[in-house]
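Single-structure report; data block below.
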Amino acid sequence: MFMLTVHEVAARYQCSTTLVVGLLAKIGFRNAKPDTRLSAVIVYRLDSEWGDKIRAKRPAAAPGFAGEADDASISARRDRQLKPHIMRIAHARITGGRDAMRNRVSMLLPDPGLVHAIDAAGTRDGDPWGGEVVPGAVHFFGGPMDSGPTAACGWMHMRAVLGEEFVPADDPARENQCPRCAAIAADGKGFRNPPDPYYRSFFCERYLRVRIDGVVTVKDCSLRDLHDGPHRARDGAEWEIGGDDYVPAPAEVGRHITKAS
């Protein structure tokens, strides 16, 4: 089950543990200490009651800074558009095989049957590609047969989702598409609500690895789950897609920053 300590909650809110302990007491969770572990229900109640007020008190990031070779990154951030969820191609049938190291792996079938549409961003695994179309990429859903998320048609369980976008054909049968998925996608429907909040983090779990003066650093997004706009680390660094539009923190001005593999 998802659990966070009081200290971890305070770090994600960018506030003191004393403040979090006091707010927990106000919602009936008393005698908390920095290492007290909080259930998802308590974190949800805390965020619902006080989250927006805490975020509103955060100091604004210092404007007007740029690091080495950051002009393109700042321009990309200025011009970028928020990416909507897209309907992706999904398969209901997969097979197993072995990779080059002889490890057992999931594999696509040469003939998967009807292809379906799915909004991967609304599944428990999330959209592996963050709203980008990535031809040739595939993500397999774990669990036993018939345990994967359902397709847009609402009853077939998917075992794999592809990086390609599902584009409804004029004649779905000829293109081997599920007719109901094609009709739903053509109408702009089939998008999912977020998974049950009891089972997911209430903070954004996206992170970015960058190399700063030769040292790999991991930037964790400190904002809430399903937030609007770019991801933001606690030090003020921001990004949306990744290293290509990374905007460094004020303390990183003038340092050599590159993407880390």
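Readers should treat all values here as calculations from the given coordinates under stated rules, not as data from a laboratory. Fair warning: this is a prediction, and the values are worked out from it, not measured in the lab. Cβ: placed from backbone, ideal geometry, glycine included. Neighbour counts: every protein chain shown.
Of the peptides 110-119, 248-257, how do they stack up when ordered by the mean number of other Cβ atoms within 10 Å, highest first?
Details: 110-119: 19.4, 248-257: 16.9.
Answer by packing, highest mean first, reads 110-119, 248-257.
I'd like the FRET efficiency for A251 and D228, computed as 1/(1 + (r/R0)^6) with the beta carbon distance as r and R0 of 25 Å, rounded to 0.05. Display every interim value, and only then the final one.
Numbers: r = 25 Å, r/R0 = 1.02.
Efficiency, from the Cβ-Cβ distance: 0.45.
At D244 and F191, where each label point lies 7 Å from the Cα along Cα→Cβ, what is the point-to-point distance in nanometres?
Going by the 7 Å Cα→Cβ label model, 2.3 nm.
Which length gain, in nm to one decimal place, applies between V41 and D146 when the Cα-Cα distance is subtracted from 0.36 nm times their residue separation?
Values: separation 105, 0.36 × 105 = 37.80 nm, distance 2.89 nm.
Extending this stretch completely gives an extra 34.9 nm.
Mind listing which GluC sites (Glu not before Pro) in segment 204-243 are in a DSSP loop and have 13 or fewer other Cβ atoms within 10 Å? Could you put the intermediate results ahead of the total?
Working: sites: E205, E238, E240; in loops: E205, E240.
Listed in order of number, the matching sites are E205.
Run the simple label-point estimate for R55 and E175 please: 7 Å along Cα→C-beta, distance reported in nm.
3.7
What nm distance separates the two modelled labels at L109 and A260, each placed 7 Å from Cα along Cα→Cβ?
It is 4.2 nm.
With no solvent and one point on each alpha carbon, what is the Debye value of log10 I(q)/I(0) for segment 138-260 at q = 0.09, 0.18 Å⁻¹?
Computed log10 I(q)/I(0) values: -0.43, -1.02.
List the GluC sites (Glu not before Pro) within segment 125-198 that fall in a DSSP loop (any state other than H, G, I, E or B) and whose Cβ has at most 15 other Cβ atoms within 10 Å. Intermediate values should be presented prior to the final figure.
Numbers: sites: E132, E164, E165, E175; in loops: E132, E175.
Within segment 125-198, the qualifying GluC sites (Glu not before Pro) (loop, at most 15 other Cβ atoms within 10 Å) are E132, E175.
For N31 and H157, what is the calculated FRET efficiency with R₀ set at 51 Å and r taken between the beta-carbons, to the nearest 0.05?
On the way: r = 45 Å, r/R0 = 0.88.
Once the sixth-power term is evaluated, E becomes 0.70.
With θ set to phi - 60° and the Karplus curve 6.51 cos²θ - 1.76 cosθ + 1.60, what are the ³J(HN,Hα) couplings of segment 225-237 in order, to the nearest whole Hz, using x for Gly and Pro?
3J(HN,Hα) across segment 225-237, in whole Hz: 4, 6, 6, 8, x, x, 6, 9, 7, 5, 8, x, 5.
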